[in-house]
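> Take this structure, written in structure tokens, and hold onto it; I'll ask about it next.
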Amino acid sequence: MARIHEIFRAIKTQRRPNCSSLAKILEVSAKTIQRDVEYMRYQLSLPIEYDKERHGFYFTEEVTHFPAVHITESELVALLVARKAAEQYANTPFQKPLTEAFQKLTAGLDGQISFNWHEFEQTFDIRPIGVSKQNLAVFEIVAAALRENCELELQYRKLEAKQAELRRIQPYSLICIENQWYLRAWDLVRRDLRTFHFGRISRAKKLPHHFKRPAGFDVNEALLDSIGVFVGTPPEDIVLRFTGWAATIAAERTWHSSQSIRARDDETVELKLKVAVNPEFERWLWSWGDAVEVVSPVTLRDRIRAAHQRAAVRNR
């Protein structure tokens, strides 16, 4: 669409541009320009003809503006939600291309809609909580290494460590879970696939050594048994019972692909899952306070009880 807008402007100036001159300016083939012109003529109903004497395209009648892009109300709302979602990627390498892509998608709407974009977007918002501060320089280096299949040297501090350490890795993929960015990579020293939180990478250096990802690598495969980013723990059958306000929320949402939910006669909700029991899952359980009961396994029930008892002692 951006290219078609350029062609439209060139024809509108009555300079009689042709396929060859437009192809040179827009850095595409003459055949691509010809297809664009045909699209403008037959799909956008623009009155374009070719002047054989002056060897260029022109409009056979006055055209005041680029044709409106006709979209439904639901499509318009979807565009707005996409725009709001893109705002979450401020200060990352995705910000500029997302902004430019949205501008291209909505370029045909300017002046063609009967309401104010600014006023309309005040009725929609996306409010992520606990978003980490992003080191843009680190993000760009890691993203470049991923594109080019280059090894990386990181200065990285583990979750409970006091100091950062040097790590040499082969980056496989980037994932975003609950507005937190993680890097899945092969650790060349530990000889294992590890997860690195972007907020704890203080420095990144792209190395000249290239590598090949394993054939068929799928970042989601390792996360199938987890409710978040923790991996390596075998899944267990878990039964939870929610009461009051928690019963309503638990029943409204999908927490894991393995879940099944059953409403009980006593107005509680029973949630069955098969997931890995790890610190991440336990923190999720703690967030429900006394509104959840761990029915099974007994080992998890005992661990959660002990955690709540320790918290009660600290908060006397």
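> From largest to smallest, what semi-axes in whole angstrom does the range 157-293 give when each is the square root of 5 times an eigenvalue of its alpha carbon gyration tensor?
36, 16, 12
> Mind checking the dipole of the range 238-303: about its Cα centre, +1 per Lys or Arg Cβ, -1 per Asp or Glu Cβ, Debye to the nearest 20?
On the way: 9 positive and 10 negative charges, 54 e Å.
The calculated dipole for the range 238-303 is roughly 260 debye.
> Taking Lys206 as the anchor, which aspartates and glutamates have their alpha carbon closer than 16 Å to its alpha carbon, excluding any fewer than eight residues away along the same chain?
Reachable aspartates and glutamates: Glu140, Glu148, Glu151, Glu153, Asp187.
> Can you work out the accessible area per residue across the range 237-316, with the rest of the protein chains kept in place, probe 1.4 Å, in square angstrom? Let's see the in-between values first.
Numbers: 4880 Å² over 80 residues.
Counting only protein heavy atoms, the per-residue value for the range 237-316 is 61 Å².
> Another one. Count neighbours as other Cβ atoms within 10 Å of each site's Cβ, and list the chymotrypsin sites (Phe, Trp or Tyr not before Pro) in the range 4-69 that are DSSP loop with at most 15 such neighbours.
Details: sites: Phe8, Tyr39, Tyr42, Tyr50, Phe57, Tyr58, Phe59; in loops: none.
Those that pass, being in a loop and sparsely packed, number zero.
> Once ligands and nucleic acids are excluded and a 1.4 Å probe is used, how much of Leu136 is accessible, expressed in Å² to the nearest 10?
70 Å²
> Now for a separate question. The range 297-312 to the range 249-280: how many Å between their Cα centroids?
Each part reduced to its Cα centre gives a spacing of 19 Å.
> Can you tally the net charge around Lys158? Count Lys and Arg as +1, Asp and Glu as -1, for every other residue whose Cβ sits under 9 Å from the Cβ of Lys158. Can you show the working numbers first?
Working: positive: Arg157, Arg200; negative: Glu160, Glu165.
Here the charged neighbours net out to 0.
> Going through the range 217-307, which trypsin sites (Lys or Arg not before Pro) have at most 15 other Cβ atoms within 10 Å and a DSSP loop state?
Numbers: sites: Arg241, Arg253, Arg262, Arg264, Lys272, Lys274, Arg283, Arg301, Arg303, Arg305; in loops: Arg253, Arg264.
Taking the range 217-307 and a limit of 15 other Cβ atoms within 10 Å, the loop trypsin sites (Lys or Arg not before Pro) found are Arg253, Arg264.
> What does the charge dipole of the range 163-316 about its Cα centre add up to, to the nearest 20 debye, if the Cβ of each Lys and Arg holds +1 and the Cβ of each Asp and Glu holds -1?
The dipole magnitude comes to about 1080 debye.
The values are calculated or read from the model by the stated rules, or taken from the named source; none is laboratory data. From a predicted model like this one, the values you see are computed outputs, not experimental measurements. We place every Cβ from the backbone using ideal geometry, glycine too, and count neighbours over all the protein chains shown. Ligands, DNA and RNA are stripped out before the accessible areas are found, and what is left, the full protein with its side chains, is counted by its heavy atoms. Shrake-Rupley method; radii C 1.70, N 1.55, O 1.52, S 1.80 Å.
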